[in-house]
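What follows is one structure encoded as structure tokens, with my remarks underneath.
The values are calculated or read from the model by the stated rules, or taken from the named source; none is laboratory data. Everything quoted here is computed from the prediction, not taken from an experiment. Cβ atoms come from the backbone with ideal geometry, glycine included; neighbour counts cover every protein chain shown.
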Amino acid sequence: MNSEVTIIGGGLGGLMLARVLHVHGIAATVYEAEASPDARSQGGLLDIHEYNGQLALKAAGLYDEFRALIQAEAESQYVLDKDANVLLYQADKGNGGRPEVPRGELRRILLESLPAGTVRWGHKTTEVSSLSDGRHMVTFANGANESTVTTNLLVGADGAWSKVRPLLTDEKPAYAGTSFIETFLYDSETRHKASADAVGFGTMMALAPGKGIMAHREGCDTLHAYVALNKPEEWLAGIDFSDRASTLARVAAEFDGWAPQLTALLTATETDPLLRPIYSLPIEQTWARVPGVTLIGDAAHLMSPFAGEGANLALYDGAELAKAIAAHPGDMEAALTAYEQEMFPRSASAAAEADRNMKLFFNDKAPQSVVDLFTSYQPVQ
Ligand SMILES: Cc1cc2nc3c(=O)[nH]c(=O)nc-3n(C[C@H](O)[C@H](O)[C@H](O)COP(=O)(O)OP(=O)(O)OC[C@H]3O[C@@H](n4cnc5c(N)ncnc54)[C@H](O)[C@@H]3O)c2cc1C
């Protein structure tokens with residue numbers, strides 16, 4: 001099969017690219033490894049920024065649908081110390097600069113905006129290769145079958161462990177030194193009241209040097225927590241995460257002496273604790289232009305989540321690449337050059353911010369370092 005635009009990965013970046021191309025009358029096909037839209041829970045709330053994620057949603061013609069998803073009060077933030085003393089509270093002023101929406105719902109409105117058949121589910125890319133004429137061939141495993149497609153433009157929107165990235169660069173994600181353990185507590189107002197009060201209706205960050213417990217209130221009543229530890233990968237490898245009881249005991253020991261309403265966000269989890277090590281690519285990630293292929297989102301510039309920019313950049317990259325393709329009919333290389341020239345510096349600046357913030361979250365002055373960060377916020381140039 002021959003195809004004009006082939007997008008690998010149906011996350012926020014890949015779907016946004018397909019949607020904005022569609023708005024401009026350009027067809028694309030998205031190949032997604034997951035078997036269906038509901039194959040995996042899509043995670044928690046994302047704050048969508050006025051200067052990138054929201055601009056992409058406007059370019060997609062989905063801004064009103066996005067605004068209907070905003071969760072009230074979710075922009076409020078608490079910074080606590082380990083004894084649950086409140087060091088900083090910032091209310092949700094409702095002025096919409098960084099409103100929070102559920103990631104799964106955002107993905108749903110993008111999916112529903114695409115022509116039927118745009119996304120080919122259950123197509124896991126196993127191999128990509130360059131042909132001599134600037135086109136690429138992609139091989140998919142779909143169940144027991146294998147299929148291939150040849151394409152004029154191949155876009156890797158396939159996240160942290162991109163199969164497309166090696167066509168452009170040898171860089172691989174490196175462990176950033178911090179890992180999250182993800183937990184959920186349901187019906188929190190009735191069953192976990194003390195923790196619900198500590199979290200409030202938005203985000204709570206309880207921090208100390210080298211560790212922290214962070215949580216969001218989601219929907220009406222779910223507490224979604226990330227317990228963070230600065231530990232080497234070898235230390236984490238010593239925990240059997242399939243053994244719930246020993247995992248909780250081992251991680252809780254690191255929070256000995258913390259306020260019980262905070263540690264309960266770990267120990268009272270109603271889901272099995274899930275390890276999420278944080279990886280990143282180099283801050284100044286670039287590559288020389290290779291005809292017929294590019295990357296967007298995490299595939300291009302994986303960074304730690306401490307600037308809250310990854311999903312926003314994925315949306316923005318998708319929209320900007322689509323606009324560049326539409327603005328350069330018949331000259332794909334000019335479109336890719338224009339897109340990459342702007343993408344490299346904007347992702348480097350967000351990656352530098354994420355790196356700075358991650359250090360401030362867990363340095364020797366935490367949590368005061370984070371109070372200072374939020375009260376005099378300066379973006380990294
Ligand atoms: C704990 C945590 C919290 C975060 N919080 C925030 C936040 O608050 N705000 C924010 O902006 N960002 C946040 N991020 C970052 C954000 O999740 C990512 O930057 C964003 O999801 C990137 O989108 P993407 O479309 O590039 O990639 P992804 O969302 O990773 O999507 C990639 C898609 O490609 C598919 N795929 C992968 N491999 C293949 C293959 N071989 N073949 C076919 N398909 C494939 C995957 O199944 C997936 O659907 C957070 C990240 C983490 C880990």
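Computed quantities for the displayed model
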quantity: Members of the stretch 300-327 found to be among the small types (G, A, S) and either under 13 Å from the mean Cα position of the chain (by Cα) or in the same structural domain as G212 (by TED's automatic domain parsing) (or both), listed by number; calculated: A300, S304, A307, G308, G310, A311, A314
quantity: Selection within the stretch 28-56 - free of Cβ contacts under 8 Å to residues at least 24 places away in the same chain and farther than 30 Å from F184 by Cα; calculated: Y51
quantity: Matching strands (runs of 3 or more DSSP E) fully within the stretch 1-97 where at least 1 residues are aromatic (F, W, Y); calculated: 29-31, 77-80, 86-90
quantity: Residue in the stretch 98-120 that is nearest to T29 (Cα to Cα), counting only those that are part of a loop (DSSP other than H, G, I, E, B) and more than 10 Å from the ligand (Cβ to nearest atom); calculated: T118
quantity: Residue check for G202: out of contact with any Asp or Glu (no Cβ under 8 Å at 6 or more places or on another chain) and within 16 Å of the ligand (Cβ to nearest atom); calculated: no
quantity: Subset of the stretch 276-297 that is closer than 12 Å to V155 by Cα and either near the ligand (Cβ under 8 Å from one of its atoms) or free of Cβ contacts under 8 Å to residues at least 40 places away in the same chain (or both) - its residue that is nearest to the chain's Cα centre (by Cα); calculated: G297
quantity: Residue tally, condition surrounded by fewer than 22 Cβ atoms within 10 Å (Cβ to Cβ), in contact with a helix residue (DSSP H, G or I) (Cβ under 7 Å, 6 or more places away or on another chain) and of a type in the set (G, A, S), over the stretch 330-349; calculated: 2
quantity: The stretch 190-201: number of residues that are under 28 Å from the mean Cα position of the chain (by Cα) and either of a type in the set (F, W, Y) or assigned to a helix (DSSP H, G or I) (or both); calculated: 6
quantity: Filter result (free of Cβ contacts under 8 Å to residues at least 24 places away in the same chain and either in contact with a Lys or Arg (Cβ under 8 Å, 6 or more places away or on another chain) or among the aromatic types (F, W, Y) (or both)) within the stretch 143-167; calculated: W161
quantity: Flag for G94 being within 15 Å of the ligand (Cβ to nearest atom) and not assigned by TED's automatic domain parsing to the domain that holds K211; calculated: no
quantity: The stretch 138-174: number of residues that are buried (at least 19 other Cβ atoms within 10 Å of the Cβ) and in a strand (DSSP E or B); calculated: 8
quantity: The stretch 302-316, subset more than 6 Å from the ligand (Cβ to nearest atom) and farther than 11 Å from S162 by Cα, residue surrounded by the most Cβ atoms within 10 Å (Cβ to Cβ); calculated: L315
quantity: Candidate set: the stretch 1-41, residues that are surrounded by fewer than 17 Cβ atoms within 10 Å (Cβ to Cβ) and within 11 Å of the ligand (Cβ to nearest atom); chosen: the one farthest from V119 (Cα to Cα); calculated: R40
